[in-house]
Amino acid sequence: MDKKRSNPMEWLNQMVGEPYYFFHFLSFFSYFIVRSSASNVLSPQITQLLFYREIQAVLAFFMLIAYKMAREETWEAFIADTLFFGKIFLIALTLIMDYHLTLWYLVVFSVIYVLTQQPPYEELGSASKLTPLQLEALLTEGNTSRFWLVEFRASFSSSCRRASRCFPELSITYSNKNLSFGIVDLGLFPNAAEKFGISPGGSMGQLPTYILFENAIEVSRFPEFNFEATPTPPITKVMCFCCQCIVQDAKILARFSNATTGNIL
C-alpha cells in the first residue's frame with residue numbers, strides 16, 4: 001500500500017466531513033448497540049452461536065485486510081475493500097439474530113450507495129487539471145513539454161476513484177521539462193470521450209484511460225482501444241504499473257530522438 005499517507009487527524013476530519021465515511025461509520029457503530037440490546041432477548045444457544053460467529057468473522061476480516069495490505073493497493077482501494085468486507089460480515093452476523101435486521105441493513109447500505117460515493121484523492125501532484133480545449137491548445141502549440149501523459153477519468157467511476165492516487169504520485173516522480181502530466185475529467189466534459197476514442201460507460205472498462213502524446217500525436221495508451229477486448233480488470237496496481245511503462249516509453253523515445261538528432265548534426 002502507499003507509503004505516503006495522511007496524518008490521523010486529516011483522516012478523522014474526512015470521516016466526519018464526508019457523508020460516505022460518516023454514514024458507514026454510523027451503520028457499523030449501530031451494530032454494537034443492536035448487539036447489546038439483542039443479548040437480552042436472544043436465547044443462550046443463539047447468543048453463544050453468535051459469539052462464536054463473531055470471533056470467526058473478526059479473524060476472517062483481519063486475514064482479508066492483511067491480504068489487501070500485502071497487495072500494495074492504493075489507500076482509497078484499501079478503504080473501499082475494507083468497507084465491502086465489513087458489510088458482508090455484518091450482514092452475515094445479523095442473519096443469526098433476525099432476518100428483519102438483515103433486511104434493514106441491506107436497505108441502509110443501498111441508500112448509502114445511491115446517495116453517496118467514495119471521495120477520490122484530491123491532490124494533483126505535478127499534474128494539471130485540463131479542459132479538452134486547454135489540452136488541445138497545449139498539444140498543438142508545441143511551446144510546452146514535448147510529451148504529455150494525460151489521464152482521462154470520471155468521478156462516477158469506482159475504478160477512477162480507487163486509482164486516483166496513482167497518477168498524482170507518478171507525476172511527482174517523473175515530471176520534467178520533456179514530460180508533463182494532465183488530467184481531463186470526462187464527467188465534466190463527456191464529449192471529449194468520443195473525440196479521444198474512450199468508452200466512459202458500459203462493460204468496456206476503459207476508465208481511467210492513460211494516453212501518451214508526443215507533439216500532439218498519440219503514441220501509446222492504456223487500456224488499448226479494442227471493441228473485442230475483454231474488460232480491463234479494475235486493479236489499481238496494474239494501472240500504476242502500466243503508467244510507469246508509458247512513462248518509460250516516453251523517456252526511450254526522447255533519448256532515441258536526441259541521439260538521432262545528434263548524429264544528423
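The values are calculated or read from the model by the stated rules, or taken from the named source; none is laboratory data. The structure displayed is predicted, hence computed values, not measured ones. Neighbour counts are summed over all protein chains in view; Cβ atoms, including those assigned to glycine, are modelled from backbone coordinates with ideal geometry. Quick note on the areas: whole protein, heavy atoms, side chains included, nothing else; ligands and nucleic acids left out. Shrake-Rupley method; radii C 1.70, N 1.55, O 1.52, S 1.80 Å.
Residues are listed down the side, and each one gets a yes or a no for (1) over 19 Å from Pro132 (Cα atoms); (2) at pLDDT 85 or above:
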{"residue": "Arg161", "(1), (2)": "yes, yes"}
{"residue": "Ser171", "(1), (2)": "yes, yes"}
{"residue": "Asn176", "(1), (2)": "yes, no"}
{"residue": "Val184", "(1), (2)": "no, yes"}
{"residue": "Gly187", "(1), (2)": "no, yes"}
{"residue": "Gly197", "(1), (2)": "no, no"}
{"residue": "Gln206", "(1), (2)": "no, no"}
{"residue": "Leu212", "(1), (2)": "no, yes"}
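Would it be correct to say that Ala254 is at pLDDT 85 or above and not assigned by the TED database to the domain that holds Met69?
So Ala254 does not fit the description; no.
Is the stretch 133-151 home to any residue that is under 28 Å from Pro19 (Cβ atoms) and either open to solvent by 40 Å² or more (accessible area, probe 1.4 Å) or more than 23 Å from the chain's Cα centre (by Cα) (or both)?
No, the stretch 133-151 contains no residue that is under 28 Å from Pro19 (Cβ atoms) and either open to solvent by 40 Å² or more (accessible area, probe 1.4 Å) or more than 23 Å from the chain's Cα centre (by Cα) (or both).
Give the residues of the stretch 171-203 that are closer than 17 Å to Pro223 by Cβ and buried (at least 23 other Cβ atoms within 10 Å of the Cβ), sorted by residue number.
Val184, Leu186
What do you reckon, is Val58 open to solvent by 60 Å² or more (accessible area, probe 1.4 Å) and in a helix (DSSP H, G or I)?
Criteria met by Val58.
Could you grab the pairs with beta carbons closer than 8 Å, sequence gap of 6+ or different chains, first residue in the stretch 41-69 and without any contact (Cβ under 8 Å) to a residue 60 or more places away in the chain, second one outside any helix (DSSP H, G or I) and of a type in the set (Gly, Ala, Ser)?
Thr47/Ser39
Taking the residues in the stretch 1-15 that are part of a helix (DSSP H, G or I) and open to solvent by 90 Å² or more (accessible area, probe 1.4 Å) as candidates, determine which candidate is modelled with the highest pLDDT.
Asn13
What do you reckon, is Tyr105 within 27 Å of Phe22 (Cβ to Cβ) and modelled with pLDDT under 90?
For Tyr105, the condition - within 27 Å of Phe22 (Cβ to Cβ) and modelled with pLDDT under 90 - is not met.
Looking at Ala80, Ala38 in this structure, which one is crowded, with 16+ Cβ neighbours inside 10 Å, in contact with a Lys or Arg (Cβ under 9 Å, 6 or more places away or on another chain) and of a type outside the set (Asp, Glu)?
On inspection, the qualifying residue turns out to be Ala80.
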